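Below is one structure, written out as structure tokens; comments come after it.
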Amino acid sequence: ENYCYQFNLKKFLMKNGLYIIIVMFMIVCIFIKPSLISSASIWLILKNFSTKVFFALGVAGLILLAGTDLSVGRMVTLSTMITCMILNPNTDVKFFGISFNGIYASLGFGGALVVALVLSAVMCVLFSALAGFFSSKFKIHPFISTLGTSLIIWGLIGFGTNNLKTGTISDEALSIAGNIGPVPLTLIYAIIAIVVVWFIWNKTVFGKNMYAVGGNPEAASVSGISVFKVTMGVFIMAGVLYGLGGFFQA
């Protein structure tokens, strides 16, 4: 009733303008190309979107702390490079002289898959935690700290590989990003990630502390919450999500 009697068109458009524009844009695109709403097109959009969910969830945690992350793209580059080097048994590319193609031959498909997933996550966590340390310990804004790690990662990748392309992964490894009927497996992985992150944010002490630190770090600190630990935890969680997303992207 309040909404009906107090409706203000200007406020409504200011609040929902972006959504209205998106819907209008979709209608125009569908009118021009009706096949966009075919089932095959929708499943393809969901498949391409699903890997981005991991990156969005990671950044969302940092935004909640009144920050941001400029290193996401470089994190994805790092994790996809590691994944492709491990899951491509024919690559000759080395990273600072280290060859990864022997992992596939010695451990087999399953072992190489686990190593690629874990190593991708670990490397992303390493750089994400580095940015988190400078932000939480020395009060450097995440805009600056993540810009720094972004440049470091980009330099290390270019220098460490001599700017050579790793090549694509094996057909066997590609099977984990296939479909179950029309449903992309990566979409299922993304839904699982959403559920896990939602649970952490809303049903754990860490999640409640994260909201408290994001709302008012000074008040959270005097309430007994370790702002340093919470900030580091959010950055580390973001690194894990970047690693997983980059793995599935590869």
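Identify all residues within the range 5-15 that are more than 36 Å from the chain's Cα centre (by Cα) and either within 23 Å of L36 (Cβ to Cβ) or not aromatic (F, W, Y) (or both); write none if there are none. I'd like the intermediate steps shown before the answer.
First, pick out the residues of the range 5-15 that are more than 36 Å from the chain's Cα centre (by Cα): 5-9.
Matches in the range 5-15: Q6, N8, L9.
Considering the range 16-50 alone, what residues qualify as being of a type in the set (V, I, T) and either over 30 Å from A250 (Cβ atoms) or more than 26 Å from the chain's Cα centre (by Cα) (or both)? Walk me through how you get there before you give the answer.
Filtering the range 16-50 down to residues of a type in the set (V, I, T) leaves 20-23, 27-28, 30, 32, 37, 42, 45.
Answer for the range 16-50, where residues must be of a type in the set (V, I, T) and either over 30 Å from A250 (Cβ atoms) or more than 26 Å from the chain's Cα centre (by Cα) (or both): I20, I21, V23, I27, V28, I30, I32, I37.
Selection of the range 140-159 for residues being touching a helix residue (DSSP H, G or I) at 6+ places or on another chain (Cβ under 9 Å) and open to solvent by less than 40 Å² (accessible area, probe 1.4 Å) yields P142, S145, T146, G148, T149, S150, I153, I157. Contact map, the range 101-121: first residue under 18 Å from L78 (Cβ atoms) and in contact (Cβ under 8 Å) with a residue 40 or more places away in the chain, second residue β-branched (V, I, T) and not in a helix (DSSP H, G or I), Cβ cut-off under 9 Å, separation 6 or more or different chains; pairs are A116/I169. When T91, T68, T83 are checked against the criterion of being touching a helix residue (DSSP H, G or I) at 6+ places or on another chain (Cβ under 6 Å) and within 30 Å of A220 (Cα to Cα), T68 stands alone in meeting it. The residue pairs whose first member lies in the range 230-250 and is over 12 Å from C124 (Cβ atoms), whose second member is not in a helix (DSSP H, G or I), and whose beta carbons are closer than 7 Å, counting only pairs six or more residues apart or on different chains, are T231/L65; V234/L65; A250/I169.
Take L70 and decide whether it is crowded, with 18+ Cβ neighbours inside 10 Å, touching a Leu at 6+ places or on another chain (Cβ under 6 Å) and either on the phi < 0 side of the Ramachandran plot or of a type in the set (D, E) (or both).
Details: crowded, with 18+ Cβ neighbours inside 10 Å: yes; touching a Leu at 6+ places or on another chain (Cβ under 6 Å): yes; either on the phi < 0 side of the Ramachandran plot or of a type in the set (D, E) (or both): yes.
For L70, the condition - crowded, with 18+ Cβ neighbours inside 10 Å, touching a Leu at 6+ places or on another chain (Cβ under 6 Å) and either on the phi < 0 side of the Ramachandran plot or of a type in the set (D, E) (or both) - is met.
The values are calculated or read from the model by the stated rules, or taken from the named source; none is laboratory data. As the structure is a prediction and not an experimental result, all values here were calculated from the model. Cβ coordinates were reconstructed from backbone atoms using ideal geometry, including for glycine residues, and neighbour counts include every protein chain displayed. The accessibility values were calculated without ligands, DNA or RNA, using every heavy atom of the protein model including side chains. Shrake-Rupley method; radii C 1.70, N 1.55, O 1.52, S 1.80 Å.
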